[in-house]
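Engineer: Okay, handing you the structure first.
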Amino acid sequence: METVANAVHLPALDNPNERDAVGAELQTVLQDLIDLSLIGKQLHWSVVGPESHSLHLFLDELVGEWRELADLVAERAVTLGFVPDGQSVAVADGSRVEPVPVRSVAGHAVIWELARRVAGSAERVRERLTPIGAADLVTQDVLVDVVRTLEKQQWLLRSQFGEKV
Ligand SMILES: [Fe+2]
């Protein structure tokens, strides 16, 4: 993976040997966040049914949050001297988020499809928090922000099923 040429001004990690590994972790999270934002837009366009207008608007809020998180994650990678790849080919190759069907989707199905993808993404990042913290606490802090936002979205999606919170 390409690194920034001048390493002199790079932040000192708790474990500098892990710089590329931390960058690779951030790259993986970036791919998933960009993919979530693309899937969110897809559902923003394909949602149908009585709740379609409110879901249409809600989906754009979520897309905005995923894009902001993707930016945060990518900029942490660059700060560490790791050049992230947020292009479509990289996302298609590396995302762990399952695509959604390309057809009209009823509101309740949109919520279900999103809820399980957001939950899966949150779980995958949460699982990596401890090892990443051992290498770099600042990156861990960035990923804690990611998990906090995804888990809040999980709650907002779950609440639309009328489940007890
Ligand atoms: Fe729109």
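Engineer: Filter region 38-57 for residues that are outside any helix (DSSP H, G or I) and surrounded by fewer than 19 Cβ atoms within 10 Å (Cβ to Cβ); which is farthest from the ligand (Cβ to nearest atom)?
Structural biologist: If we take residues in region 38-57 being outside any helix (DSSP H, G or I) and surrounded by fewer than 19 Cβ atoms within 10 Å (Cβ to Cβ), then PRO50 is farthest from the ligand (Cβ to nearest atom).
Engineer: Turning to a different aspect of this structure: Quick test for you: out of ASP60, ASP35, pick the one residue that is within 16 Å of the ligand (Cβ to nearest atom) and touching a helix residue (DSSP H, G or I) at 6+ places or on another chain (Cβ under 8 Å). Working first, answer last.
Structural biologist: Working: ASP35 fails: within 16 Å of the ligand (Cβ to nearest atom).
Only one candidate qualifies: ASP60.
Engineer: Would it be correct to say that GLN87 is surrounded by 16 or more Cβ atoms within 10 Å (Cβ to Cβ) and free of Cβ contacts under 8 Å to residues at least 40 places away in the same chain?
Structural biologist: On the way: surrounded by 16 or more Cβ atoms within 10 Å (Cβ to Cβ): no; free of Cβ contacts under 8 Å to residues at least 40 places away in the same chain: yes.
Considered against the rule, which asks whether it is surrounded by 16 or more Cβ atoms within 10 Å (Cβ to Cβ) and free of Cβ contacts under 8 Å to residues at least 40 places away in the same chain, GLN87 comes out as no.
Engineer: Right, another one. Could you tell me which of the residues GLU113, GLU151 is in a helix (DSSP H, G or I), at pLDDT 95 or above and farther than 27 Å from PRO16 by Cα? Give the steps one after another, and end with the answer.
Structural biologist: Numbers: GLU113 fails: at pLDDT 95 or above.
When all the criteria are applied, what remains is GLU151.
Engineer: Can you find even one residue in region 65-72 that is closer than 20 Å to LEU157 by Cα, in contact with a Gly (Cβ under 6 Å, 6 or more places away or on another chain), surrounded by 13 or more Cβ atoms within 10 Å (Cβ to Cβ) and not charged (D, E, K, R)?
Structural biologist: No, region 65-72 contains no residue that is closer than 20 Å to LEU157 by Cα, in contact with a Gly (Cβ under 6 Å, 6 or more places away or on another chain), surrounded by 13 or more Cβ atoms within 10 Å (Cβ to Cβ) and not charged (D, E, K, R).
Engineer: VAL146 versus (1) over 14 Å from the mean Cα position of the chain (by Cα); (2) within 17 Å of GLY23 (Cα to Cα): which is the lone unmet condition?
Structural biologist: Among (1) over 14 Å from the mean Cα position of the chain (by Cα); (2) within 17 Å of GLY23 (Cα to Cα), VAL146 violates only (1).
The values are calculated or read from the model by the stated rules, or taken from the named source; none is laboratory data. Predicted model only: the values in this text are computed from it and were never measured. Neighbour counts are summed over all protein chains in view; Cβ atoms, including those assigned to glycine, are modelled from backbone coordinates with ideal geometry.
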